[in-house]
1. When the Kirkwood hydrodynamic radius is evaluated over all pairs of different C-alpha atoms of segment 201-243, what value in angstrom, to one decimal, is obtained?
2. First measure r as the distance between the Cβ atoms of VAL52 and LYS130, then evaluate 1/(1 + (r/R0)^6) with R0 = 45 Å and state the FRET efficiency to the nearest 0.05.
3. Which percentage, to the nearest 5, of the DSSP beta bridges contained in the chain is antiparallel?
4. Relative to the longest principal Cα axis of the chain, at what angle does helix 166-179 sit, 0 to 90 degrees, rounded to 10?
5. Ratio of segment 144-254's C-alpha Rg to 2.2 N^0.38 Å, to two decimals?
6. If you roll a 1.4 angstrom probe over the protein chains with everything in place, what fraction of the accessible area of the chain belongs to carbon and sulfur, to the nearest %?
7. Treating each Cα of the chain as an identical point scatterer and ignoring solvent, apply the Debye formula and state log10 I(q)/I(0) at q = 0.12 Å⁻¹.
8. Per residue, how much accessible area does the chain have with a 1.4 Å probe, in Å²?
Amino acid sequence: MLVDGYNVSLFVLGESGSGKSFTLSVEARSFCHGGHQRASVSLQMYEVYNEVIRDLLTPSNDPMILKHSATRGVHVQGGNEVTVTDSADGIALFHQGLARKIKSMTDFGPAQNFASTIIHFNLILPVDDKPFPNKSTFTIVELPGLEKLGDDLTTIRYREGPKLTKSLISFNVLINTIATQPYADRLINYGESKLTQLLEDEVGGNCRTQALVCMKTDSDPNLISAVVKMCRELEQVKNFPVLNDCIIQDLITQ
């Protein structure tokens, strides 16, 4: 679907230490090796931690801010978008971004357990009979560790503060809300966290989204129950992907 001009995304979710980051790496490397000779490909890579967005493709640790536009929707203002020349170049850029992910510790465990990683592979593909190329995006999202879903979320918020687990809690609420509203005229609040704002297309919007769940063999039963519940709700989320050809691009900017 991606090379046809549709947005697609993959959510990698599960508890910390279950292989989420490894799975993320496999999917990104597979895309880079896929071969898109006619397409122009660029890469963006962000981390959301403690309600702060960092650009993983730049050495700076300065926090980024979100903006909204008719053509791009919610996006990171001034985010680095690097052109990928070939598969080796894409893999090298990806690993540079991974190396910049947060590595500090908190009172509640490694900071990376509370962080989200968002990767955008943007494609511009010429179409023979169209005046403008098709534009599409492949998004890979590694969500924070889901182990917190096995606990009382109100207790977590009091114990760990309002921001540390805000991404996960807001994402869980968002999925629950959209799962019960399958119609296109629904009104959904994406503004509860930076993560949910960035996933407006991937969750309920113009995107074909799938999820890949990673779990440990000895997971707590309460956590398994919570993760299964989230997966059932994800299955019920109705997205509305469209072909991002010159006609749709023109409609969006009118």
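1. It works out to 11.8 Å.
2. So the FRET efficiency works out to roughly 0.65.
3. Given both bridge residues lie in the chain, the antiparallel proportion sits at roughly 75 percent.
4. Helix 166-179 sits at roughly 70 degrees to that axis.
5. The value comes to 1.23.
6. C and S fraction of accessible area: 52 percent.
7. Per q value, in the given order, log10 I(q)/I(0) is -0.71.
8. The answer is 50 Å² per residue.
The values are calculated or read from the model by the stated rules, or taken from the named source; none is laboratory data. What you see is a predicted model, and the numbers here were worked out from it, not measured in a lab. Heads up, the Cβs are rebuilt from the backbone with ideal geometry, glycines too, and the neighbour counts pull from every protein chain shown. These accessible areas exclude ligands, DNA and RNA; they are computed on the full protein's heavy atoms, side chains included. Shrake-Rupley method; radii C 1.70, N 1.55, O 1.52, S 1.80 Å.
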